[in-house]
Amino acid sequence: MIATDIDGTIIQCSFTDGVKDCVKKLTEAGIKVVLVTGRMHCSTRYVARELGLKTPIVSYQGGLIKSYDGTTLYQRNLPNMYAQPIIEWARKNNIHLNLYLNDKLYVEKENDTIKQYIEGKHIEYEVCSFDDLELCDINKILAIDYTNEKLVTGWVEELKEKFPALYIVKSTPYFCEISNKDAKKSAGVDYLRKLWKLDKSEVMTIGDQNNDIELLKAGGIAVAMGNATDELKAVADYVTDTVENDGFVKAVEKFINFEETEAENV
């Protein structure tokens, strides 16, 4: 099994032919390729279709696992009691929030932040007051600032102190993710590994950001992209090339023996 992040790992602006061919070769060899991402499920399903994958999708940092046909296998939503305090914190500090409710995206303002966020993700959103929503079954909340990385780092530190029972992590230099404490990429990988009766040594994990630290911990072979954060590289077994240079493909070529795998599946 290969559990891979999406953005900054297998895609920059679009998939390269090298990545597409590699994923096809892995699938034909009987290796399960699983997308493990902070993205929405509906956005990730588009990616899976483009790559020809029919394995379950791990979305919302590990907060939701659905089979390719849409059956929910695992779900850990944000506890209802935290939604309103987080919304009030954001309003007080003039912070843009994405709120994900039943795999739909809501924002309170139409602005450049949400327009930049959805670019290339094949998702729609609704603008409304969060006060008009029934704040239950929230997949996650995302705080965004595209102009100040240090500010986002500060949010993570502040919210970890304010809400220690939640999982709060920086998933890109601009994103502060707020979710259930069990909505981690490691939980998604572990669930599927046990479902398929795989040993941890049979799992390769690969990513590029701090939210992938949990992902890498779940793999027997932990790979960081060349463009990964220093924190992620520190927990990796191996650092591959950058996303622009098909680092995912190069990591697969280093660790996967296709001839041996195909022989095992005969």
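The values are calculated or read from the model by the stated rules, or taken from the named source; none is laboratory data. All values derive from a computational prediction rather than experimental measurement. Cβ coordinates were reconstructed from backbone atoms using ideal geometry, including for glycine residues, and neighbour counts include every protein chain displayed. SASA here: full protein model, heavy atoms, side chains in, ligands and nucleic acids out. Shrake-Rupley method; radii C 1.70, N 1.55, O 1.52, S 1.80 Å.
Some values worked out for this structure:
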quantity: Subset of segment 149-168 (residues that are modelled with pLDDT of 95 or more and among the acidic types (Asp, Glu)); calculated: GLU157, GLU158, GLU161
quantity: Strands (runs of 3 or more DSSP E) contained in segment 20-80 and holding at least 3 residues touching a residue at least 24 places away in the same chain (Cβ under 8 Å); calculated: 33-35, 64-66
quantity: Residues within segment 203-237 that are more than 20 Å from LYS32 (Cβ to Cβ) and either assigned to a strand (DSSP E or B) or not charged (D, E, K, R) (or both), tallied; calculated: 14
quantity: Residue selected from segment 188-207 under the condition hydrophobic (A, V, I, L, M, F, W, C) and over 12 Å from the mean Cα position of the chain (by Cα), by the criterion surrounded by the fewest Cβ atoms within 10 Å (Cβ to Cβ); calculated: LEU195
quantity: Looking only at segment 13-28, and only at residues there that are surrounded by 14 or more Cβ atoms within 10 Å (Cβ to Cβ) and of a type in the set (S, T, N, Q), the one that is nearest to GLY120 (Cα to Cα); calculated: THR16
quantity: Failed item, numbered, when PHE130 is tested on (1) in contact (Cβ under 8 Å) with a residue 60 or more places away in the chain; (2) open to solvent by less than 50 Å² (accessible area, probe 1.4 Å); (3) touching a helix residue (DSSP H, G or I) at 6+ places or on another chain (Cβ under 9 Å); calculated: (1)
quantity: Residue in segment 57-83 that is nearest to TYR100 (Cα to Cα), counting only those that are of a type in the set (Phe, Trp, Tyr) and at pLDDT 95 or above; calculated: TYR60
quantity: Single match in TYR167, TYR191 (criterion: hydroxyl-bearing (Ser, Thr, Tyr) and assigned to a helix (DSSP H, G or I)); calculated: TYR191
quantity: Sole residue being under 27 Å from TYR46 (Cα atoms), assigned to a helix (DSSP H, G or I) and under 20 Å from the mean Cα position of the chain (by Cα), chosen from TYR100, TYR106, TYR117; calculated: TYR117
quantity: Of residues in segment 240-254 being β-branched (Val, Ile, Thr) and farther than 18 Å from ALA218 by Cβ, the one most open to solvent (accessible area, probe 1.4 Å); calculated: THR242
quantity: Unmet criterion (only one of (1) open to solvent by 40 Å² or more (accessible area, probe 1.4 Å); (2) without any contact (Cβ under 8 Å) to a residue 24 or more places away in the chain) for VAL156; calculated: (1)
